[in-house]
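Since the structure comes first, as structure tokens, the remarks are kept for the end.
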Amino acid sequence: MSFDFSGVGYLIAIIFWGFIWAFVTSAVISNKGYDSDEDNVKWFWLGFFFGFFATIVAATKPSKITTQQTNNSTQVRRTTIEDIEKLAKLKEQGVLTEEEYNKMKSDLIDKL
């Protein structure tokens with residue numbers, strides 16, 4: 001009596017291939033800054049069932065990391081400009097000398 005395992009082997013290969021794409025998709029989405037367990041599980045299963053297509057969609061999602069870094073750098077620049085304006089007012093009021101103003105201003109600009 002002989003068994004034909006070609007159907008079972010094919011099924012195992014499909015499941016194995018699904019897990020490969022699931023882990024790849026989950027890694028891509030995690031590297032883009034979507035680190036919550038809910039995101040990882042959702043994208044894992046999307047990668048398992050839709051493979052390459054889910055990975056492409058995950059790769060085209062905007063990165064949360066870049067968005068956060070951009071917001072932080074914009075806020076730092078805005079704060080620095082406000083600080084320079086405050087220094088200029090202090091200089092105009094005579095609280096700071098020209099040398100003190102220039103030194104503090106260059107220190108603030110160097111922080112950028």
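Laboratory data are not the source of any read-out in this text; all were calculated from the coordinates shown. Given the structure is predicted, the values throughout are model-derived calculations rather than measurements. Quick reminder, even Gly has a Cβ in these numbers, built from the backbone with ideal geometry, and neighbours come from all protein chains shown.
Just a few scattered comments:
- Structure-derived Rg/Rh (Cα atoms, Kirkwood Rh) - corresponding label in [x] 1.28; [y] 1.17; [z] 1.50: [z]
- Packing here is the average count of other Cβ atoms within 10 Å per residue, and on that basis the peptides 39-48, 52-61, 76-85, highest first, run 39-48, 52-61, 76-85.
- Between the range 90-111 and the range 6-24, the alpha-carbon centres lie 66 Å apart.
- Förster radius 25 Å - calculated FRET efficiency between Val8 and Val41, Cβ distance, rounded to 0.05: 0.35
- The sum of -39500 (n - 2.57) across all DSSP H runs of n ≥ 4, divided by the residue count of the chain, sets its helix-only mean residue ellipticity at 222 nm to -28500 deg cm²/dmol.
- Lysines whose Cα lies under 16 Å from that of Lys32, excluding same-chain neighbours fewer than 8 positions away: Lys42, Lys61, Lys64
- Stokes-Einstein diffusion coefficient of the range 6-61, Kirkwood radius over Cα pairs, 25 °C, 0.890 mPa s, in µm²/s: 220
- Long-range amide H partners of Gly51 with built H, under 5 Å: none
- Residues of type lysines that Lys105 reaches as a straight line, Cα spacing below 25 Å, ignoring anything fewer than 8 places off in the same chain: Lys86, Lys89, Lys91
- In a fully extended conformation the segment linking Asp107 and Trp17 would gain 26.8 nm over its present Cα-Cα distance, using 0.36 nm per residue.
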